[in-house]
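This report concerns only the one structure given below.
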Amino acid sequence: IAASAGNHGLGLATAAREFGVPCTVVVPRGVPAVKEEGLRALGATVLKSPFDGYDDTEAWARERAGGARWISPYDDPDVIAGNGGTTAMEIFDEATDASISAARVEVDTFVTNTLVRLGLEKVKMDLISASADAPKGLTQ
């Protein structure tokens, strides 16, 4: 089970279909129809929370998770590794003298995780992240 505004849930639903396991994705009530339809087409069970924002949706989803494994889009080591972390390592394989002087990041876990991983590898980087509705995990 996971909370998602779309992309994280689509990735989980795709993986769940490939491995033949169930997947439940809890979305904010205003999720775009195309993302909800995509989740359902991949076989995910979609639950709409009564909330518009991600943080409230996540809290609502966690209350309903029961014994199911919770898969966070921003606080799960396996997701972080696959969602940008390995991309950063590929950058290092190709460009040993990588340097990032500035980046603007709207909340996108792939880009954010890649840049965080680059920062962990001590690449010269100044990162400015801005979003109108950033999940708590990305703002703390």
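Values as computed for the structure displayed
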{"item": "Scope region 59-83; condition on the phi > 0 side of the Ramachandran plot and open to solvent by less than 30 Å² (accessible area, probe 1.4 Å); matching residues", "result": "none"}
{"item": "Search result, residues across region 18-58 that are of a type in the set (A, V, I, L, M, F, W, C) and surrounded by 14 or more Cβ atoms within 10 Å (Cβ to Cβ)", "result": "23, 25, 26, 27, 31, 39, 42, 44, 46, 47, 51"}
{"item": "Helices (runs of 4 or more DSSP H) within region 1-71 that include 3 or more residues touching a Cys at 6+ places or on another chain (Cβ under 7 Å)", "result": "7-19"}
{"item": "Per-region count, region 1-17, residues β-branched (Val, Ile, Thr), under 13 Å from residue 42 (Cα atoms) and buried (at least 18 other Cβ atoms within 10 Å of the Cβ)", "result": "0"}
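The values are calculated or read from the model by the stated rules, or taken from the named source; none is laboratory data. These numbers were taken from a predicted model, which means no experiment stands behind them. Note that we place each Cβ from the backbone using ideal geometry, even for glycine, and neighbour counts take in every protein chain shown. Ligands, DNA and RNA are stripped out before the accessible areas are found, and what is left, the full protein with its side chains, is counted by its heavy atoms. Shrake-Rupley method; radii C 1.70, N 1.55, O 1.52, S 1.80 Å.
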